[in-house]
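These notes are about the structure you will find just below.
The values are calculated or read from the model by the stated rules, or taken from the named source; none is laboratory data. Computed from a predicted structure; not experimentally measured. As a convention, Cβ positions derive from the backbone with ideal geometry for all residues, glycine included, and neighbour counts pool all protein chains shown. We work out accessible area using only protein heavy atoms, side chains counted, and drop any ligands, DNA or RNA first. Shrake-Rupley method; radii C 1.70, N 1.55, O 1.52, S 1.80 Å.
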Amino acid sequence: MSAQIINGNLLAQSIREDIAKRAAELTAQGEQPGLAVILVGDSAASMVYVMNKEKACNANGIYSVLEKYDADFTEAALLERIDALNNDPKIHGILVQLPLPAHIDERKVIEAINPEKDMDCFSVVNSGNLMVGHPVIRPCTPYGVMKMLESINYPLRGAHAVVVGASNIVGKPMAMLLLQAGATITICNSKTRDLAFHTRLADILIAATGRRNIITADMIKPGAVVIDVGVERDENGKLYSDVDFANAKEVAGYITPVPGGVGPMTITMLLVNTIEAAERRLRARQQQ
């Protein structure tokens, strides 16, 4: 029997309906949610991604600012723009599209963003809040995965979750959110010895390495939930993912497709983070 497909497009659409409603309510109270995205360089993939973010903001009542700069834009100038956005009351969230050109220190840029406006949850402050179990902002992709698990009413407490990939963007924060939900966590990476031994134990398997078909059907526990996060493109631009979907869906109980799985949820949760930041600002203003 084939796995049930977790449709990220449908789930994202239902969440965006709520986003639009909340955005309208905030705007009516003088606090329209605002998101600023900065892109440095001319990466085609990054350009598509930031344009999709801008389109999503405009479609759901969120004020959107997109700043594009040439690849030779200086670090000092970028930090100056971030400082201006930190102090702009119309902006509740700031996102600097990564990767940045080699002459710019990514860590310095991330830490320059006001933690209250750090929509990617990359700063030390927000990462620390997540680590101790009191996240104010949640990283977009892991937050989206949690919503997907919630949508199928999967019982996380006591479940064994295996996360393949240990990046600061997905793997590590994903593990922390699952741990806080009561799951037992194993974190692997693409170099883990006998990776299949670990993945076959997973009730929930989350693949986030960007390695084509690193997870094959024989590595999956029958009936497991398989969340496919990692993607890569070949020299012709064709999209591949971490999971061999065609065969894996015959073993898994639930599985996410690529495209149409985690991707739409990442941008959707960016909008949710922006809405939540605006709601916090409104509460603070009302308490003054």
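Tell me, yes or no, whether the range 10-28 has at least one residue that is touching a helix residue (DSSP H, G or I) at 6+ places or on another chain (Cβ under 7 Å), part of a loop (DSSP other than H, G, I, E, B) and modelled with pLDDT of 95 or more.
No.
Only one residue in A224, A246, A284 is touching a residue at least 24 places away in the same chain (Cβ under 8 Å) and either within 18 Å of L195 (Cβ to Cβ) or of a type in the set (G, A, S) (or both), so which one is that?
When all the criteria are applied, what remains is A224.
Can you name every residue in the range 103-113 that is buried (at least 17 other Cβ atoms within 10 Å of the Cβ) and part of a loop (DSSP other than H, G, I, E, B)?
If the condition is that a residue be buried (at least 17 other Cβ atoms within 10 Å of the Cβ) and part of a loop (DSSP other than H, G, I, E, B), then I104, I113 are the ones that fit.
Of all residues in the range 114-128, which are open to solvent by 10 Å² or more (accessible area, probe 1.4 Å), touching a helix residue (DSSP H, G or I) at 6+ places or on another chain (Cβ under 6 Å) and either of a type outside the set (F, W, Y) or in a helix (DSSP H, G or I) (or both)?
N114, P115, V125
For the range 75-93, indicate whether the set of residues that are modelled with pLDDT of 95 or more, closer than 19 Å to L271 by Cβ, of a type in the set (D, E) and open to solvent by 30 Å² or more (accessible area, probe 1.4 Å) is non-empty.
Yes: the range 75-93 contains one or more residues that are modelled with pLDDT of 95 or more, closer than 19 Å to L271 by Cβ, of a type in the set (D, E) and open to solvent by 30 Å² or more (accessible area, probe 1.4 Å).
So which residues in the range 129-181 are in contact (Cβ under 8 Å) with a residue 24 or more places away in the chain, open to solvent by less than 50 Å² (accessible area, probe 1.4 Å), among the hydrophobic types (A, V, I, L, M, F, W, C) and in a loop (DSSP other than H, G, I, E, B)?
Those that are in contact (Cβ under 8 Å) with a residue 24 or more places away in the chain, open to solvent by less than 50 Å² (accessible area, probe 1.4 Å), among the hydrophobic types (A, V, I, L, M, F, W, C) and in a loop (DSSP other than H, G, I, E, B): I137, I152, L156, A159, V170, A181.
For the range 183-193, which residues satisfy the criterion of being open to solvent by 20 Å² or more (accessible area, probe 1.4 Å) and part of a loop (DSSP other than H, G, I, E, B)?
Result: N189, S190, K191, T192, R193.
Condition first: within 30 Å of Y254 (Cβ to Cβ) and in a helix (DSSP H, G or I). Can you find one or more residues in the range 59-72 that meet it?
Yes: one or more hits.
Being in a loop (DSSP other than H, G, I, E, B) and either under 21 Å from the mean Cα position of the chain (by Cα) or within 22 Å of K117 (Cα to Cα) (or both) is the filter here; which residues of the range 246-288 pass it?
T256, P257, V258, P259, G260, G261, Q288
If a residue has to be touching a residue at least 12 places away in the same chain (Cβ under 8 Å), assigned to a loop (DSSP other than H, G, I, E, B) and open to solvent by 60 Å² or more (accessible area, probe 1.4 Å) to count, how many in the range 230-243 make the cut?
0
Residue check, R212 against (1) assigned to a loop (DSSP other than H, G, I, E, B); (2) farther than 20 Å from S167 by Cβ, all met but one. Which one?
Failed condition: (2).
Kindly provide the set of residues from the range 100-119 that are farther than 20 Å from L271 by Cβ and over 17 Å from the mean Cα position of the chain (by Cα), ordered by number.
L100, P101, A102, H103, I104, D105, E106, R107, K108, V109, E111, A112
Could you check how many residues of the range 1-40 are farther than 18 Å from G144 by Cα and among the small types (G, A, S)?
Qualifying residue count for the region: 8.
List the residue pairs whose Cβ atoms are under 6 Å apart, where the first residue sits in the range 75-102 and is free of Cβ contacts under 8 Å to residues at least 40 places away in the same chain, the second is open to solvent by less than 20 Å² (accessible area, probe 1.4 Å) and assigned to a loop (DSSP other than H, G, I, E, B), and the two are 6 or more positions apart or on different chains.
Cβ pairs passing all conditions: E75/I104.
Of the residues that make up the range 251-263, is at least one among the hydrophobic types (A, V, I, L, M, F, W, C), within 30 Å of I94 (Cβ to Cβ) and surrounded by 22 or more Cβ atoms within 10 Å (Cβ to Cβ)?
So far as the range 251-263 goes, yes, one or more of its residues are among the hydrophobic types (A, V, I, L, M, F, W, C), within 30 Å of I94 (Cβ to Cβ) and surrounded by 22 or more Cβ atoms within 10 Å (Cβ to Cβ).
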